[in-house]
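S.K.: One structure coming up, written as structure tokens, with questions to follow.
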Amino acid sequence: MIDFSIPADLVAERDRVRRFVTDRVIPFERDPRLTAHGPTDELRRDLVELARAEDLLTIQAPKEFGGRGLTHLEQAVLYEAAGWSTLGPVAMNCAAPDEGNMFLLGKIADPEQAERYLRPMLDGHQRSVFAMTEPCGAGSDPAQLNTEARFDGANFTVNGRKWLITGAKGAKTWIIMARLAPSPELAAAGLEPGPTLFLTDGDQPGIVIERTMNTMDRNYVAGHGVVRFDDLVLPRSALLGETGKALRYAQLRLAPARLTHCMRWLGAAERAQHIAIEHARTRTAFGKPIGEHEGVSFLLADNEIALHQCRLTIWHACWLMDRGEQARHESSMAKSFVSEELFKVADRCVQVLGGIGISDETVVEMIFRDMRAFRLYDGPTEVHKYAIGRKILRDN
């Protein structure tokens, strides 16, 4: 039996999250600290304290770390409510990349690493980065990793260049992916070469933040950076998980992270639709509210259909994951479908709003720009469709 009902306690919590975002977070959307490169860390800290006071901070954390231990379906309901403002997930400490990084560290960090790096993140005191993407290497295909680590028997030395590293400026916890080069010292230590994750502090000598890139989106704290690793020396204790298994760990992180992106952006798209509906009720043209004209009402109807389809797609993938399945295929389908459909929703909202839709009189233009970037986060649509197509050919 398929049951789409939401338990009463989850409904109450969803409504509480929505009220918090509406009453406490949305006023900060006009704060000058929401810059072209995203919220400043100062703004993030202020928002975090608001969520802490309401007991809504890092609700996704495991119970042993003081969180709620939410199921994926519970996350879907609450993250959608948080996404009503792009600052909502920032306030509640469930925004990317920290949310995905916290999930990964919770899975593979050893106890000492968890206490040093994960707990301050869960408490909202520091941010993190996942440094994988490269200008001429790893990106949609992480196997093209060029950043290299060499082991001398005691320490690793990392050299390479990364870009589009979200939140790099000011981040304290760094997860770095590098290709561990074969060497006699590596073999003697019983370590495997290949793509490997390292965990370190952001203020280490050898981590050089060259600049912050100018991008169309502005919902991530500190934007996206260009980073150089210049003889970054890391001790053996900096290894995150086992050597040579970074690509496997990246998939462990990315499958649920694709879905949480979808959850948050569903909430933002709903907000855009809400604004468009209110405009269609009050703006008149040719003798009546524009919402009574077929052209506009059809746009709003298409949006409502798309929002419903996206929600069901997300919920199904979450249901599978809560049953213990990896759901990589379904999460790829969700990311591909939801990112494309929600962008169309935002585009239609701009159209309904007319001239003010391209201005900052409402947040719709910001949601539209951010939604365009969402189509590239955690793999562009084409990469997911390629993976989906390969599975279809293999299994049928």
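The values are calculated or read from the model by the stated rules, or taken from the named source; none is laboratory data. These numbers come from a predicted model, not from an experiment. Neighbour counts run over all protein chains shown; Cβ positions are idealised from the backbone, glycine included.
S.K.: Quickly run through the range 277-296 and pick out the residues that are part of a helix (DSSP H, G or I) and either exposed (fewer than 15 other Cβ atoms within 10 Å of the Cβ) or touching a Ser or Thr at 6+ places or on another chain (Cβ under 9 Å) (or both).
M.R.: Initially, the range 277-296 is screened for residues part of a helix (DSSP H, G or I), giving 277-282, 290-292, 294-296.
Matches in the range 277-296: 278, 279, 280, 281, 282, 290, 291, 292, 294, 295.
S.K.: Could you list, ordered by first residue, the pairs with Cβ atoms under 7 Å in which the first is in the range 123-138 and of a type in the set (D, E, K, R) and the second is part of a loop (DSSP other than H, G, I, E, B), at least 6 apart or interchain?
M.R.: Every condition considered, the pairs that remain are 127/167; 127/170; 127/171; 127/172; 127/221; 134/146; 134/147.
S.K.: Test of understanding: among 210, 185, 270, which residue is of a type in the set (D, E, K, R), out of contact with any Ser or Thr (no Cβ under 8 Å at 6 or more places or on another chain) and in the same structural domain as residue 307 (by TED's automatic domain parsing)?
M.R.: Matching residue, one of 210, 185, 270: 270.
S.K.: So which residues in the range 50-66 are part of a helix (DSSP H, G or I), surrounded by fewer than 22 Cβ atoms within 10 Å (Cβ to Cβ) and in contact (Cβ under 8 Å) with a residue 12 or more places away in the chain? Write out each step before concluding.
M.R.: To start, the set of residues in the range 50-66 that are part of a helix (DSSP H, G or I) comprises 50-53, 63-65.
Imposing the further condition that a residue be surrounded by fewer than 22 Cβ atoms within 10 Å (Cβ to Cβ) reduces the set to 50, 52-53, 63-65.
Hits for the range 50-66 are 50, 52, 65.
S.K.: A further question on this structure: I'm trying to understand the selection: among the residues of the range 110-156, which are buried (at least 20 other Cβ atoms within 10 Å of the Cβ), over 19 Å from the mean Cα position of the chain (by Cα) and in a loop (DSSP other than H, G, I, E, B)?
M.R.: 145, 147
S.K.: Then there is this: Name every residue in the range 190-225 that is small (Gly, Ala, Ser) and surrounded by 14 or more Cβ atoms within 10 Å (Cβ to Cβ), in order of residue number.
M.R.: Initial filter on the range 190-225 (small (Gly, Ala, Ser)): 190, 194, 202, 206, 222-223, 225.
194, 202, 206, 222, 223, 225 - these are the residues of the range 190-225 that are small (Gly, Ala, Ser) and surrounded by 14 or more Cβ atoms within 10 Å (Cβ to Cβ).
S.K.: Right, something else. In the range 190-249, how many residues are without any contact (Cβ under 8 Å) to a residue 24 or more places away in the chain and part of a helix (DSSP H, G or I)?
M.R.: 1
S.K.: Next question, about the same structure. Enumerate the pairs (first residue in the range 320-344 and at positive phi and in contact (Cβ under 8 Å) with a residue 12 or more places away in the chain; second residue anywhere and in a loop (DSSP other than H, G, I, E, B) and surrounded by fewer than 23 Cβ atoms within 10 Å (Cβ to Cβ)) with beta-carbon separation below 6 Å, excluding pairs fewer than 6 apart on the same chain, so at least 6 apart or on different chains.
M.R.: none
S.K.: Go through the range 16-59 and give me each residue that's farther than 24 Å from residue 101 by Cα and among the basic types (Lys, Arg).
M.R.: 16, 18, 19, 24, 30, 33
S.K.: Right, something else. From the residues in the range 88-108 that are in a loop (DSSP other than H, G, I, E, B) and touching a Leu at 6+ places or on another chain (Cβ under 6 Å), which one is farthest from residue 224 (Cα to Cα)? Before the answer, list the steps.
M.R.: Of the range 88-108, the ones in a loop (DSSP other than H, G, I, E, B) are 92-97.
Next cut, touching a Leu at 6+ places or on another chain (Cβ under 6 Å) only: 92-93.
Values: 92: 21, 93: 18 Å.
For the range 88-108, the residue satisfying everything is 92.
S.K.: Can you confirm whether the range 259-266 contains a residue that is in a helix (DSSP H, G or I), at pLDDT 95 or above, over 28 Å from residue 213 (Cα atoms) and among the aromatic types (Phe, Trp, Tyr)?
M.R.: Scanning the range 259-266, I find no residue that is in a helix (DSSP H, G or I), at pLDDT 95 or above, over 28 Å from residue 213 (Cα atoms) and among the aromatic types (Phe, Trp, Tyr), so the answer is no.
S.K.: OK, next. Which residue is surrounded by the fewest Cβ atoms within 10 Å (Cβ to Cβ), if the candidates are limited to the range 75-87 and must be part of a helix (DSSP H, G or I) and touching a Pro at 6+ places or on another chain (Cβ under 9 Å)? Spell out how you get there, then give the answer.
M.R.: Taking the range 75-87 first, the residues part of a helix (DSSP H, G or I) are 75-82.
Keeping just the survivors that are touching a Pro at 6+ places or on another chain (Cβ under 9 Å) gives 75, 79, 82.
Numbers: 75: 25, 79: 30, 82: 30.
Of everything passing the filter in the range 75-87, 75 is surrounded by the fewest Cβ atoms within 10 Å (Cβ to Cβ).
S.K.: Applying the selection to the range 157-172, what residues are crowded, with 24+ Cβ neighbours inside 10 Å and of a type in the set (S, T, N, Q)? Working first, answer last.
M.R.: From the range 157-172, those crowded, with 24+ Cβ neighbours inside 10 Å are 158, 162, 165-168, 171; that's our starting set.
Matches in the range 157-172: 166 only.
S.K.: A follow-up question, please. Looking at (1) out of contact with any helix residue (DSSP H, G or I) (no Cβ under 6 Å at 6 or more places or on another chain); (2) surrounded by fewer than 17 Cβ atoms within 10 Å (Cβ to Cβ), which is the one condition that is false for residue 239?
M.R.: Against the list (1) out of contact with any helix residue (DSSP H, G or I) (no Cβ under 6 Å at 6 or more places or on another chain); (2) surrounded by fewer than 17 Cβ atoms within 10 Å (Cβ to Cβ), residue 239 comes up short only on (2).
S.K.: Also, I was wondering about something else. Are there any pairs with C-beta distances below 8 angstrom linking a residue in the range 31-47 that is in contact (Cβ under 8 Å) with a residue 12 or more places away in the chain to a residue that is part of a helix (DSSP H, G or I) and aromatic (Phe, Trp, Tyr), with the two at least 6 apart or on different chains, and if so which?
M.R.: Partner pairs satisfying both residue conditions: 34/28; 43/28; 46/28; 47/28.
S.K.: On the basis of being under 20 Å from residue 299 (Cα atoms), within 20 Å of the chain's Cα centre (by Cα) and buried (at least 19 other Cβ atoms within 10 Å of the Cβ), does residue 346 make the cut?
M.R.: Numbers: under 20 Å from residue 299 (Cα atoms): yes; within 20 Å of the chain's Cα centre (by Cα): yes; buried (at least 19 other Cβ atoms within 10 Å of the Cβ): yes.
When the stated conditions are applied, residue 346 passes them.
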